[in-house]
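To start, the structure under review is shown below, and the notes come after it.
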Amino acid sequence: MEKLEQIYEGKAKKVFKTTDPERYIVDYKDDATAFNGAKKGTIVGKGVINNQMTNFFMQRMEAAGIPTHFVQELSERETLVKKVSIVPLEVIIRNISAGSFAKRYGVEEGIVFDAPTIEFSYKSDPLDDPLLNEYHALALKLATKEEIETIKKYAFAVNDVLKAFWAECGVTLVDFKLEFGKISDGSIVLADEISPDTCRLWDSKTHEKLDKDRFRRDMGGVEDAYAEVMKRMKAHDAN
Ligand code: UDP
């Protein structure tokens, strides 16, 4: 398997073709953006952490029966994945109020929900990822009804695995964003990443933020927070 030309460069990752038409290589960068690219910066070491953490959780998801795009970790920053066409929906699961939810509905952060919520945004930078519901997604032909049902089932299953894992690390899973893709046989798999860039993670005791909100909100200690959650993840894995 050889790395061929770059086909895409996103905010946090580059994607390369390979000699296998059904495989891509993802290369994680230290670049960080927030507010749809309006805020830019670097989080030193983030690419390595996000690559390794994502791969760790993708394998946990596979073990739990949730199919993913993961194939093989190639280096600290590079991973071989299945070629997918990304379903243009950002799927957000929330266990606790925070971020845009708190702002939109005028509530404080930190309200623990009785049951997790799910919401969809239309993945579109020019439109600023507008919130939409399943009917809108169907009307826009972003996915079929069956695909949306599958995505919802997988997303809640990811929450169950992730929330339980982090709880055992003394970390509260507040919310996170997932993306799904379609592989060549038409089936839906979990794609993109699961990392402190895409999850809100709070220390269970102190409620200290251990995720990208430290970058978004200029709180400092960004690299330390990423390193801390990585350390706890590895310590738990070793048990
Ligand atoms: N999120 C993400 N990418 C996005 C938007 C949100 O990974 O483009 C994640 C974010 O890190 C958080 C969750 O999705 O864990 C919910 O984010 P929210 O809707 O509250 O948006 P934000 O406050 O980040 O704008």
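All of the numbers you see were taken from the coordinates with simple rules; none came from a lab. Every value quoted in this text rests on a predicted model; they were computed, and no experiment measured them. Note: ideal-geometry Cβ built from the backbone for every residue, glycine included; neighbour counts use all protein chains shown.
Within region 83-95, residues that are at negative phi reach partners that are within 15 Å of the ligand (Cβ to nearest atom) and among the small types (G, A, S) with beta carbons closer than 6 Å, at six or more positions or on different chains, in the pairs V84/A191; E90/S121; V91/A155; I93/A155. Could you tell me whether E134 is more than 26 Å from V26 (Cα to Cα), buried (at least 17 other Cβ atoms within 10 Å of the Cβ), more than 16 Å from the ligand (Cβ to nearest atom) and acidic (D, E)? Against the criterion (more than 26 Å from V26 (Cα to Cα), buried (at least 17 other Cβ atoms within 10 Å of the Cβ), more than 16 Å from the ligand (Cβ to nearest atom) and acidic (D, E)), E134 qualifies. Scanning region 207-225 for residues that are of a type in the set (G, A, S) and without any contact (Cβ under 8 Å) to a residue 12 or more places away in the chain yields G220, G221. Residue check: S100 meets all listed conditions (1) in contact (Cβ under 8 Å) with a residue 12 or more places away in the chain; (2) within 22 Å of L201 (Cα to Cα) but one, namely (1). Name the residue that is nearest to the ligand (Cβ to nearest atom), counting only residues in region 69-100 that are of a type outside the set (D, E, K, R) and part of a loop (DSSP other than H, G, I, E, B). Out of the qualifying residues, it is A98. Report whether or not K123 is away from the ligand (no atom under 12 Å from the Cβ) and either of a type outside the set (V, I, T) or in contact with a His (Cβ under 6 Å, 6 or more places away or on another chain) (or both). The answer is no for K123.
All of K182, K209 fail the test of being of a type outside the set (F, W, Y) and within 13 Å of the ligand (Cβ to nearest atom), apart from K209.
Every condition in (1) within 24 Å of F35 (Cβ to Cβ); (2) within 16 Å of the ligand (Cβ to nearest atom) holds for V171 except the one numbered (1).
Per-residue answers, yes or no, for (1) out of contact with any helix residue (DSSP H, G or I) (no Cβ under 7 Å at 6 or more places or on another chain); (2) assigned to a strand (DSSP E or B):
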| position | (1), (2) |
| --- | --- |
| I7 | yes, yes |
| K11 | yes, no |
| D20 | yes, no |
| Y24 | yes, yes |
| N36 | yes, no |
| G41 | no, yes |
| N50 | yes, no |
